[in-house]
1. Does residue 220 meet the test of being touching a residue at least 40 places away in the same chain (Cβ under 8 Å), within 25 Å of residue 97 (Cα to Cα) and among the aromatic types (Phe, Trp, Tyr)?
2. Just to confirm my filter: which strands (runs of 3 or more DSSP E) fall fully inside the stretch 105-193 and include at least 1 residues that are under 30 Å from residue 49 (Cβ atoms) and touching a Gly at 6+ places or on another chain (Cβ under 9 Å)?
3. Starting from residues that are at pLDDT 95 or above and of a type outside the set (A, V, I, L, M), keep the ones in the stretch 36-52 and report whichever is farthest from residue 96 (Cα to Cα).
4. If you go through the stretch 166-189 one residue at a time, do you hit one that is touching a residue at least 40 places away in the same chain (Cβ under 8 Å), of a type in the set (D, E, K, R) and not assigned by TED's automatic domain parsing to the domain that holds residue 52?
5. Hey, residue 87 hits all of (1) among the polar types (S, T, N, Q); (2) modelled with pLDDT under 95; (3) under 30 Å from residue 210 (Cβ atoms) but one; which does it fall short on?
6. I need every pair where a residue in the stretch 115-143 that is on the phi > 0 side of the Ramachandran plot has its Cβ under 9 Å from the Cβ of a residue that is surrounded by 16 or more Cβ atoms within 10 Å (Cβ to Cβ), sequence separation at least 6 or different chains.
7. Scan the stretch 5-22 and give yes if some residue there is in a strand (DSSP E or B), surrounded by 12 or more Cβ atoms within 10 Å (Cβ to Cβ), of a type outside the set (Phe, Trp, Tyr) and at pLDDT 95 or above, otherwise no.
Amino acid sequence: MSAFHKTLILLFALSPGLYAQPKLGVVGGTDRNLGRIYAGSSPIFKFNVLNSGSARLVISRLPMACPCGKVDISSREIDPGDTAIISVVFNSAGYLGDVKKAFAIESNDPVDRTVFVRFSLKVVNLIEAEPEIIYFGNMHIGSIASKSIRLRNIGKKPLVIRGISDSTQSVETYLQKEKLAPGEVTILTASVRGQKEGSRQGELVLETDNKTQPRVRIKFVINFIR
């Protein structure tokens, strides 16, 4: 057998190894809407990662810039055709409203070494306040102002508002009803007396019997004038 034929046979024998390579894919896409979660909760979201290539996929890192998230994976080595599950624990403490975050998947995929997965969600209070912030407006020192807001239980279970505290210790509150069925509404009335001149911001903290969100915070703003 000639040297040429030997070389040709060797190339054919080695070609599968030379051209085999992993390919990372995220099942469902890299942009996800995760829906609604309650403030203060730490849900776990799952993402399936697929190796659609012909060689073993190795996940080296799963960085997420925000300390609000912790990312882990069921297996860092994924054989061709197999999948692994990425788990993201999101701590919603301090968030309210629309939130957008992302994490990266770093691997030995020769085409896409780093793949970014972006997700959005909405953080809501178990008790929906309307309006969301209590504005007392301008108040003369010594005067008294009262504002009322609607509170609605948007959860699926009954809840009890056990108490209400004020971060500034200057607001008095009256709650029409403490126990709320799902979808039920009550009225919260807050009263304050004008004190030292200047603006003041604070929070009313509603203590509930719900383990998912034992505390619901409602902001208020006051401006004392002479």
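1. Values: touching a residue at least 40 places away in the same chain (Cβ under 8 Å): yes; within 25 Å of residue 97 (Cα to Cα): yes; among the aromatic types (Phe, Trp, Tyr): yes.
Yes.
2. Ranges flagged: 114-124.
3. In this case the residue turns out to be 52.
4. Scanning the stretch 166-189 turns up no residue that is touching a residue at least 40 places away in the same chain (Cβ under 8 Å), of a type in the set (D, E, K, R) and not assigned by TED's automatic domain parsing to the domain that holds residue 52.
5. (2)
6. Note: pairs meeting the criteria are 137/147; 137/222; 142/194.
7. No, the stretch 5-22 contains no residue that is in a strand (DSSP E or B), surrounded by 12 or more Cβ atoms within 10 Å (Cβ to Cβ), of a type outside the set (Phe, Trp, Tyr) and at pLDDT 95 or above.
The values are calculated or read from the model by the stated rules, or taken from the named source; none is laboratory data. It should be emphasised that the depicted structure is a prediction, and the values quoted were computed from it without experimental measurement. Neighbour counts are summed over all protein chains in view; Cβ atoms, including those assigned to glycine, are modelled from backbone coordinates with ideal geometry.
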